[in-house]
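Quick notes on the structure that follows.
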Amino acid sequence: MNKKYLKVIILSLLSLILLAGCATGPRAESTTGLAANESHLFVSLANKIYKVELETGLEIWRYPSDNSRMMVYAPVLLNDEYFTYGDLYNTLQRVNLETPTQKVWEFKEAKGWYQTKVAESDGVIVAPNTDRNVYGVNAKDGTLLWTHEDKFAFLAEPVIVDGKAIISSQNHEILWLDLKTGKPEEKSFAMKGAVISAPYYDETLGYIFVGSLGHEFVAIDAKTQKEVWRYEGSILKLSGIWAPPIMLQGQLIFNDDLGNIISVDPKTGAENWIIAEQGKMLAGLAAIGEDAFIVALEDGTIRGFDVNRKPLFPEFDIPKGKIYTTPLVTDEMFIIAPMGAEFLVYAYPIEYTGMTKWVYKPAKK
């Protein structure tokens, strides 16, 4: 298949973007971005970011408070003082967390959309963009430090390990970029398909785990960039991998877009068990504590399992909801952000009883 055509398909499927060329910029519909700290949930949706109290579901603020031009779906990056995000108007910005009227800086040199969450380490923000570039930006003042140019849009959140930004590429590879200079390692790691899932790094093993749309899931040594193992289990042909895995009780667990859920030994790739074809699933698995996880299907069905595949609760669904965003889990609840449902956000207690803890829908202002 022509690579240019494949790129268009991937962008359309991942983001459900409906673009119209007009004088005022992009009109888009995409998936909701979720992020949280200890006390608040941050919801990225269209022309606003909403700060919501985790305990009650009450809105604290919305940014911007006026009708300023913005379009954002990427989850925000949080620290104690600021939130940082990129939007569909080609702008990356850092804003005061408590007083969002105080913008710290803007970076406006990109020519494409920021579709994913950025990463930060050692004073450098690593920001993938759909203009085929990855930008290294000074976290203090928003000035450009470096640019890495490539052939296709970047859609996945980076992982930073030992001074290297590890980047998933639609150009069928995993890249290692020097955090300070953006210079790539001489060799990338070749994949069989476009990679739109963020890599998952396990510090104990020193391995990167990642899958692609090329029906594969691999473990890579983060230092040598060499393959450690490749999944070869009872599912003879994996479907596309859209999300990173989770690690529970020494099991590495991942899913493909047909809803196959696979547990393997992270050291060897040997299969522990599978739960076959749960249903269409573009969202990833969400770990609950140390021994359980949530499954969110595209059709709005929610299931929970422990590491021995025992159901946590009777499955339920969110009426009219379509789920593409991986659930967010806190110490007390799991949070779902479906498209098309009555509410924007549904929060459920970890010990699910059949009732929501709260729901949130932005009031019209």
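The values are calculated or read from the model by the stated rules, or taken from the named source; none is laboratory data. Just so you know, these numbers come straight off a predicted model, no measurement behind them. Positions of Cβ are backbone-derived with ideal geometry, glycine not excepted, and every protein chain shown enters the neighbour counts. Note: accessible area is taken over every heavy atom of the protein model, side chains too, but ligands, DNA and RNA are not part of it. Shrake-Rupley method; radii C 1.70, N 1.55, O 1.52, S 1.80 Å.
Below are the figures for this structure:
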quantity	calculated
Per-residue [θ]222 nm for the chain (sum of -39500 (n - 2.57) over DSSP H runs n ≥ 4, rounded to 500)	-1000 deg cm²/dmol
Within-12-Å neighbourhood charge of GLY284 [Cβ basis; K, R +1; D, E -1]	-3
Accessible-area value, LEU144, 1.4 Å probe, nucleic acids and ligands omitted, Å²	60
Hull volume in cubic angstrom per residue (convex hull over the Cα atoms of the range 100-245)	119
Cβ crowding within 10 Å averaged over residues, with 262-271, 178-187 ranked highest first	262-271, 178-187
Inter-part distance where the range 245-273 and the range 166-218 are each reduced to a Cα centre, Å	18
Dipole of the chain, positive end: most advanced residue of ILE318, ILE302, THR32 [Cβ charges, Cα centre]	THR32
Area of GLU109 that stays accessible when all protein chains are in place (1.4 Å probe, Å², to 10)	100
Summed side-chain charge close to SER65 - residues other than SER65 whose Cβ falls under 10 Å, Lys, Arg +1, Asp, Glu -1	+2
Accessible area per residue in Å² at 1.4 Å probe, computed on the chain	45
Length added when fully stretched, LEU58-ASP178, from 0.36 nm per residue minus Cα-Cα	39.0 nm
Difference of contour (0.36 nm per residue) and Cα-Cα distance, THR204 to LYS237	9.0 nm
Theoretical gain in end-to-end length, GLU315 to ALA270 [0.36 nm per residue, Cα-Cα removed]	13.3 nm
Total formal charge among the other residues, if their Cβ is under 9 angstrom from that of ILE323, Lys/Arg +1 and Asp/Glu -1	-1
Spin-label pair LYS226/GLU332, simplified geometry with 7 Å Cα→Cβ offset, distance in nm	5.0
For TYR352, solvent-accessible area (1.4 Å; no DNA, RNA or ligand), Å²	50
Within the accessible area of the range 174-218 (1.4 Å probe), percent carbon and sulfur	47
Within straight-line cross-link reach of LYS117, aspartates and glutamates at Cα separation under 18 Å, skipping those fewer than 8 residues along the same chain	GLU29, ASP80, GLU81, ASP87, GLU106, GLU109, ASP131, GLU157
